[in-house]
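Student: Can you read through this structure? Questions will come right after.
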Amino acid sequence: MTVALSAGLLAGCGSDQPDTARAADATAGFPVTVSSCGHEATVPAPPERAVTINQGATEVMLALGLADRMVGTAYLDDAVADRWAQEYASVPVLSEEYPDTETLLTAEPDFVYGSYLTSFAGDAAGSQADLADLGIPSYVSPFGCGRDTPGESAGADGVTFDDVWGELRDVASVFGVQDRAEELVAEQQELLADPAIATAGEGLTVFWYDSGDTTPFTGVGEGGPQLLIDSVGATNVFADVPGTWADVSWEQVVAADPDVIVLPEAVWSTVEEKKQYLAADPALSALTAVREERYVELPFTESTPGVRNADGVASLAEQLTALGR
């Protein structure tokens, strides 16, 4: 103990920047206040013990290089992107789905970040107001405010990449890493500016088949799927349906006879399950896209507004190009 203390004192004495100055640097620009979904949260200093609930929130943190500030995570929709898998493996998983309040508090968080308001339900982490009473600030993705299933919110013109980047910047400001958010935004802007991506889907109609058998659940005119489809210049056959996700009818799908069907991979509805259903149904198996297997496969996470949307656009463009007209 004496040796370690002496070494620490020597290091402090020899430093050009005393400990007090370094501490001041760490909290420069704080406190920071962020708001979403009608809740305002103020952090006095960059959180050191954050918990994320839902994959979207988790991957924003990982993309910002904040795995070392995370003491817990919960609820995946599919596999974490390969480039963040190692960092994700270092974070304790508190629950396979929503953690209850008791489980959450065992991690002793100083900040909680969820993708949907349902993360903070009474039978989940507990309300944001109750957490605030305990001195724990929290933040919900602006797309998770509960407008409609699965909870995304969008402006009058639907989800935009400016909205997506706004969430990145909010979270980065909470942790004092705004420069990392700007680097990510710049990388994604450069990717999306590629003319080959922006025109890959021109002239093609797309049905985004998320899940469902008796009634298909699909991405409609204001959500993440619409953002991806618009970004490659294709046409969503259900673009005129309001909201972000909706149940439609198979009769409508048959009437549209889309050129391409997008099949998101999710733990509750796999690509293979959807393919088998389409092929086994007499009417659906006659669709051009089913007969010719004109499918695009994407992780579900790339279809919900968040840090992986740009990846989704690039993958959608690449697969559409490979399918041809």
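The values are calculated or read from the model by the stated rules, or taken from the named source; none is laboratory data. Since the structure is predicted, the reported quantities are computational estimates derived from the model, not experimental observations. Note that each Cβ is placed from the backbone with ideal geometry, even for glycine, and that neighbours are counted across all protein chains shown. Surface areas here come from the heavy atoms of the whole protein model, side chains and all, with no ligands, DNA or RNA. Shrake-Rupley method; radii C 1.70, N 1.55, O 1.52, S 1.80 Å.
Student: Looking only at region 293-324, how many residues end up being of a type in the set (D, E, K, R), surrounded by 18 or more Cβ atoms within 10 Å (Cβ to Cβ) and in a loop (DSSP other than H, G, I, E, B)?
Tutor: Of the residues in that region, 2 qualify.
Student: Which of the residues spanning region 162-182 are of a type in the set (A, V, I, L, M, F, W, C) and part of a helix (DSSP H, G or I)?
Tutor: Listed by number, the residues that qualify are V164, W165, L168, V171, A172, V174, F175, A181.
Student: Exactly one condition in (1) in contact with a Gly (Cβ under 9 Å, 6 or more places away or on another chain); (2) touching a residue at least 12 places away in the same chain (Cβ under 8 Å) is not met by D257; state its number.
Tutor: (1)
Student: Against the definition (modelled with pLDDT of 95 or more and surrounded by fewer than 20 Cβ atoms within 10 Å (Cβ to Cβ)), how does D123 come out, yes or no?
Tutor: Judged against the criteria, D123 is not a match.
Student: A further question follows. Among the listed residues T33, T52, T73, which satisfies the condition of being crowded, with 20+ Cβ neighbours inside 10 Å, without any contact (Cβ under 8 Å) to a residue 24 or more places away in the chain and in a strand (DSSP E or B)?
Tutor: Being crowded, with 20+ Cβ neighbours inside 10 Å, without any contact (Cβ under 8 Å) to a residue 24 or more places away in the chain and in a strand (DSSP E or B) holds for just one of T33, T52, T73, which is T73.
Student: Let me ask something else. Only one of (1) under 26 Å from A279 (Cβ atoms); (2) modelled with pLDDT under 95 fails for G243. Which number is that?
Tutor: Just one mismatch for G243, condition (1).
Student: Somewhere in region 197-204, is a residue open to solvent by less than 10 Å² (accessible area, probe 1.4 Å), at negative phi and part of a helix (DSSP H, G or I)?
Tutor: no
Student: When V185 is evaluated against the numbered criteria (1) without any contact (Cβ under 8 Å) to a residue 60 or more places away in the chain; (2) among the aliphatic types (A, V, I, L, M); (3) part of a loop (DSSP other than H, G, I, E, B), which criterion, by number, is the only one it fails?
Tutor: (3)
Student: Could you check region 76-107 and list, in sequence order, the residues that are assigned to a helix (DSSP H, G or I), more than 16 Å from the chain's Cα centre (by Cα) and buried (at least 16 other Cβ atoms within 10 Å of the Cβ)?
Tutor: Passing the criteria: E87, T101, T103, L104, L105.
Student: Got a sec? Which of A57, A79 is at pLDDT below 95, hydrophobic (A, V, I, L, M, F, W, C) and in contact with a helix residue (DSSP H, G or I) (Cβ under 9 Å, 6 or more places away or on another chain)?
Tutor: Criteria check complete, one pass: A79.
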